[in-house]
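Input: a single structure, listed below in structure tokens.
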Amino acid sequence: MSTVPPGSALPEVIGARRLNQGITATWWYTVSGVMAFQVMVVFVWLSIFGGLGFDFATLAVIGAGGLVWCAASFPLLLQYRHRDDAAGPVAGWRGILIPIAVAIAFGVVTGVLSGLWLVGTLPLIQSLALLNWPRGVRVRLLLVAMVVLAALWFIDLRTAFADADAEVVGAWWVFGFIGVSLPVMAVMSLWWWDVLVTLDRARASEARLGATQERLRVATDVHDLQGHHLQVIALQLELAERLLDKTGAQDENRDAALEQLRLARASVAEARQGTRDLAMRFRGVPLPDEIANAVDLLRAAGTTADAAVSADAAHAPASVLGPVIRETTTNVLRHGSGRWARLSLARDGDAWRYEIANDAASDSGVSGDGPRVESGSAGSGLDGITRRVAEARGAVRVERGKGEFHVIVTVPDAATEPEGSR
């Protein structure tokens, strides 16, 4: 048995049901980096103020206010994640009003208690840096913010720290560098997120373009294949009609007309076979690849999925089991809870056994009496799978346990393609 590795590549395009795990993880790395840097700035403040001899109550107020300010920055980051490139920074002003007010209040309180301009100004500038500014405007605002913060840092150094000891002054130099760098770090993190989103959108667009080109190619092949035969059939039938309408040499014309009709029927058969071969060429994916694709799709949707595939699974009847694998995977995405799924394909005596199991959901595609077929979707769902497998002399068994749902399909080794798929 071969197992599909957990690190398999994800498909290029995923459904809208869940976000791609990779880009979501990167988003949380970005958020945690910005938040951690802000928390570090607050603790540096407390360290410096403690060295300046501030009492415990003042340090407690500054520390609590700093944590509230950091928490208030999270809604700004969340709004930035779902931002509209064409919208301005105040497009969702209701969502930014409270965080900006918290930053202003914290800056005023901390600035008054400490008597430092940099401490009073940095929270507001940092919160403004997290807004959805246009890219050109954002760079200019960042440069202005760096100049303002550096100037306030220098003013505080010349006034409030004139009589401080060397250790506190050295700590203020470190904090000044961190404070001026805080908006820069935040903007760089958001810029990296913008680059990642742009790349992800380009990847999805490339996949959609590839699918469109493939559809156009298939349409061209079908047009070329059917167009030629249908044109010949039309000419043959027209000739037969004219021959049958003639009054002279009736027997000879009838024989010629019958010959044209036989040729037309042969052309129809050739066109049908050509179309069938073309369809099979696009449907003929090896079953190990089908299961690997199903696992990748489930993982892309946020489901923990794995598969066990027999080494000789490529010899299983793909025309029967291929659509079954695709349909059951779709059912898991539609009706499962989305936490885990397991797929397996192995030989069972003189038959092939395919099984897919997943965590059941309250709205799964099964009622208490058996499988449920979606209304208005004839031939789909578990009933459609049952009909397809029955045409290949196979069997479908559905089992639902406590929190689990199993679909087990058994198909004879020598199963042929169902008539309904031709």
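The values are calculated or read from the model by the stated rules, or taken from the named source; none is laboratory data. Bear in mind the structure is a predicted one, so any value in this text is a computation, not a measurement. Note that we place each Cβ from the backbone using ideal geometry, even for glycine, and neighbour counts take in every protein chain shown.
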Any idea which of V324, V309 is within 21 Å of R353 (Cα to Cα), buried (at least 20 other Cβ atoms within 10 Å of the Cβ) and in contact with a Ser or Thr (Cβ under 9 Å, 6 or more places away or on another chain)? V309
Would a scan of the stretch 144-161 turn up a residue that is crowded, with 18+ Cβ neighbours inside 10 Å and touching an Asp or Glu at 6+ places or on another chain (Cβ under 9 Å)? no
In the stretch 383-404, what residues are surrounded by 13 or more Cβ atoms within 10 Å (Cβ to Cβ), at pLDDT below 90 and within 21 Å of R339 (Cβ to Cβ)? R400, E404
Quick check, is S181 over 21 Å from W117 (Cα atoms) and either among the small types (G, A, S) or at pLDDT 75 or above (or both)? no
Condition first: at pLDDT below 85, closer than 30 Å to V232 by Cα and among the β-branched types (V, I, T). Can you find one or more residues in the stretch 276-298 that meet it? no
Name the one entry in G136, G53, G88 that is under 27 Å from W193 (Cα atoms), modelled with pLDDT under 85, in a loop (DSSP other than H, G, I, E, B) and of a type in the set (G, A, S). G88
Going through the stretch 336-358 one residue at a time, which ones are surrounded by fewer than 21 Cβ atoms within 10 Å (Cβ to Cβ) and either hydrophobic (A, V, I, L, M, F, W, C) or within 21 Å of the chain's Cα centre (by Cα) (or both)? S337, G338, R339, W340, R342, A346, A351, A357
